[in-house]
Structures are given as structure tokens and as C-alpha cells.
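Read-outs: derived from the displayed coordinates by stated rules, not from any lab. All of these numbers come straight from a predicted model, not from anything done at the bench. Don't worry about glycine lacking a Cβ; one is built from the backbone with ideal geometry, like all the others, and counts go over all protein chains shown.
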Amino acid sequence: MNKRQDDGFEHGVPSEITPREVYHDRRRLLAMAGVGAAAAVAAVAAQRAHALPAEAARPGALPTLPATRNAAFSTSEPLTPYKDVTTYNNFYEFGTSKSDPAKYAGSLQTRPWTVVVEGAVHKPRTFGIEDLLKLAPMQERIYRHRCVEGWSMVIPWIGYPLATLLKAVEPTGNAKYVEYITLLNRAEMPGQNDPVLQWPYLEGLRMDEAMHPLTLLTFGLYGEVLPNQDGAPMRMVIPWKYGFKGGKSIVRIRLVEKQPVTSWMRAVPQWYGFYSNVNPDVSPQNWSQANERRIGQGAFGGLFAPRIPTQMFNGYGAQVASLYKGMNLTKDF
């Protein structure tokens, strides 16, 4: 076990690339299967703001998305290069290879774009993407990102808390969970012609997780709007959970009373639970979650760099552990 004490904003060394055997095991099985927290964070970050990476260099690839750096919600670890963030990721709507999103996402039309927010709310509403971009001041937050496949990144995301949007529609007392759904468009998202998952992609959070200040409704990265392959025009980022919880290209958010059955729970229930918190001590998949490789750091993109210990809740335990007090995280993974 590689669990270690941390305050949520320290990391060890870095590097990465998903082991080939892990990727093939996942594909093979799928084929067979057919605000107290905010205050705590602020105190830590205030001591370390001086150590944050310099402002991320704008790649100049897409329109600028101005934002103010929020040191209280940012790690001081080195950033993963923009090239790696935008060319090595999972977005099965465009294919199951890590390079497929960058290769095929150019066909996605992100304007006009609307997002329906409905369900157990007093004020259901359809938002245009331009309305959502103006709903709250944009913040840049540098979060660790941990994929369930055993690789990780450090990314300067841009957005604002999901709680801001949810408060705008006024949840009712029946709102216990939030589910969010990706666009279904097989012409623009060719991966949806593959039955590897049931489309459209659906993920969800418990209401207190959705309202947590770390949960970020995300519109950009590296100072610019989101590239299509990273979830444009809007996605979810929950840094203490595995990356697949962060639904991309979202078109519908629904507040519900019962726990949603997410896409991965439906596809491989023995591997993927509803919570999917980063947990080095629980590995229901056929590979260990005890350590990870940091993409883009070390020789050959980190391919041969030593693996680093994975932290409980991806290092955000000081902020989110209280959400799961009294739960059996081995059972409720």
C-alpha cells in the first residue's frame, strides 16, 4: 500500500503512458460484456501561492478564455504539456484509442450549443453556451487528473463551480443526485457507432459532491476554450475521482431522486462503482490502482519513468474525505 499523509496539494515525482496490457484488458472485457472544505483549501493555498507554476503559456490554438488564477484550488506541481493534454486522452465518443479524440473531434460542431437543466428543480431552464460562459467569473484551477487506467496529468482548467449553475435553477428537496449527459450525434461523434458503451454517455454525482467547491463546470484549459477532443464546449471536472466521471460535451443536466446507473456501471458493473473515488487501496479492475505514471514527464514522455504512489482521493482528502464519513469505501467504490 502506498498511502501517505498529505494535505491535498503535494505530489511526489511525476511521469506516463497506459501499460499496453491494461488497455487491451479493458477493451477485451468490453467486447465480452457486449464549504468548510473551501476554507481548508484556502488556508493551505495561501501558504503556497508563491510556489504555483507561472501562468500557463497560451498555445494560441483556440480563442482565449480569460480567467483569474484561483490559488486556493491549485496544486504547485509541474503542468502536463498542452500537446499531451490534447493528444492523449479518452473520449470514447470519437474512438477507443488515445489518439482518436484529437484525430476525429474536428467534426464536432460546438456552436450553437444548448444545455438543458431539469428534473427536481424549481426553475428548469435551457441555457445557451454563451449564457453559461457569462454566468460566473472564470477561474483557472490547476488540478491533478487521475485516469483509472493508471496514468495521470496536471492540467490548468478554466471554469466555475457546478454549484453556481445548480443554485440558479433552485433544486427542490427531492434532488439527491445529479446526472449529466453527453451529446448523442453519431455523424459528428463516430465512436458512438461502436457499441462499446450504451450511448449517450451518462455520469452522475451525489448532490453534496456536485455542490462541493472543487467540482468544476469547465469551459477551457491552458487559457483558451476547450479543444473539441477534451470535451468542448463544456465538461465536468471532479479532481478526486477517476477521470471517466468527468462527462464531456454535456447537453443535459438532470437533478434526480434516485442514484443514476452510469454508463460504465452499466457496461462493467464489477469494475466501476458509482463513486469511483481515486483509491489506491481498492482495485476492482484487473490492475492495481496503487500507483500511476505522470504523462509528459521524464524520458520518452514518461514511458520509462518510475511509477509514483497514488494518493487517496487523488490528494484531495483534506477537502473531500468528510463526504464519505461512515461509508465502506471498499464496498462503495
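Gain on full extension, evaluated as 0.36 nm per residue between Ser283 and Lys123 minus their Cα-Cα distance, stands at 53.5 nm.
For the stretch 257-299, the residues whose backbone nitrogen is under 16 Å from a point 7 Å from the Cα of Lys176, taken along Cα to Cβ, are 257-262, 274-275. Take Ala168, project a point 7 Å from its Cα along the Cβ direction, then tell me which residues of the stretch 89-128 have their backbone nitrogen under 15 Å from it. Counting backbone N atoms under 15 Å from the label point, the list is 113-118, 122-128.
Taking the three principal axes of the alpha carbon atoms in the stretch 151-294, the coordinate ranges are 42, 34, 31 Å, sorted in descending order.
3J(HN,Hα) along the stretch 170-184: 6, x, 8, x, 7, 7, 9, 9, 10, 10, 9, 10, 7, 3, 10 Hz, from the Karplus curve 6.51 cos²θ - 1.76 cosθ + 1.60 with θ = phi - 60°, whole Hz, x for Gly and Pro.
Packing around the peptides 323-329, 182-188, taken as the average count of other Cβ atoms within 10 Å per residue, puts them in this order, highest first: 182-188, 323-329. Among 89-99, 215-225, 104-114, sorting by the average number of other beta carbon atoms lying within 10 angstrom of each residue, highest first, gives 215-225, 89-99, 104-114.
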